[in-house]
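S.K.: Handing you this structure, nothing more for now.
The values are calculated or read from the model by the stated rules, or taken from the named source; none is laboratory data. Computed from a prediction, not measured in an experiment: that's the story for all the values here. Backbone-built Cβ (ideal geometry, glycine too); neighbour counts: all protein chains shown. We work out accessible area using only protein heavy atoms, side chains counted, and drop any ligands, DNA or RNA first. Shrake-Rupley method; radii C 1.70, N 1.55, O 1.52, S 1.80 Å.
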Amino acid sequence: MHRSIAAHFVLCLCVSGVGFSSVAKAITIYATSYEGQAIYQCDTVTNTNTLVHSTVSVGSPDSLIFDPAGRIIYSTTTSGTVQSYNPVGNFDTTLAITTHPVDLALDPSGATFLVSDIGSPSIKRIPVTGGAPTLVVSGPYDGGIAYANGNLFAIANHNEVDQLNPTTGALVNSSVPNALLDLDGMTYDPLTQ
């Protein structure tokens, strides 16, 4: 059972009332609740969480991203689907069915996104409008995926980070595996380029 740890942590901060610095810029964070089967919006100024969407009808959400049209795309590990929630029309659409989808990354083009599937360890590409997933690469990819300056990175075996060719999935480079690690999610920090 994987969870969006960073998002879960932010959600816990808001729920517990720990609060954020009053001089901090207002930020809205979206988080998934695996056990609660929901997506929440966290306001860092008021330290409140607002239910955005209940996912009870489709399962427990793990990862989420926004597509260019403002829809929330999220993986549901318990039902094996990738969903698109339109907050404007308040409706949920199944974009694709995979074995056990976890982490997501929006392709720089905005037309497709990637999903890591731990049920059949692989990375698959899905159009943001929905459709059958196409295999990018099979292998030990069981965690986070992220694009950084046009490069694709993926967690392999929960203990290394691989750089992959974003089109073919071919291995470009790999970190040294470390059995002491238990890596899951990842993101790219554009401020440290």
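S.K.: Please give the number of the condition Q163 fails out of (1) more than 17 Å from the chain's Cα centre (by Cα); (2) not in a strand (DSSP E or B).
M.R.: Here Q163 clears every test but (2).
S.K.: To continue, here is another question. Quick one: which of G119, G144 is touching a residue at least 24 places away in the same chain (Cβ under 8 Å), surrounded by 12 or more Cβ atoms within 10 Å (Cβ to Cβ) and within 13 Å of the chain's Cα centre (by Cα)?
M.R.: The conditions single out G144.
S.K.: While we're looking at this one, here's another question. Could you pull out the residue among T46, T134, T28, T94 that is without any contact (Cβ under 8 Å) to a residue 12 or more places away in the chain, farther than 28 Å from D162 by Cα and either open to solvent by 30 Å² or more (accessible area, probe 1.4 Å) or among the hydrophobic types (A, V, I, L, M, F, W, C) (or both)?
M.R.: The unique qualifying residue is T46.
S.K.: Then there is this: Of the residues Y40, Y74, only one is at pLDDT 95 or above, closer than 20 Å to G185 by Cβ and open to solvent by 30 Å² or more (accessible area, probe 1.4 Å); which?
M.R.: On the way: Y74 fails: open to solvent by 30 Å² or more (accessible area, probe 1.4 Å).
From the options Y40, Y74, the qualifying one is Y40.
S.K.: I would also like to ask the following. Output the qualifying pairs, or none if there are none: Cβ atoms under 8 angstrom, residues six or more apart or on different chains, first residue in the stretch 163-177 and touching a residue at least 12 places away in the same chain (Cβ under 8 Å), second residue outside any loop (DSSP other than H, G, I, E, B) and of a type in the set (F, W, Y).
M.R.: Close Cβ pairs satisfying both conditions: Q163/F153; L164/F153; P166/Y147.
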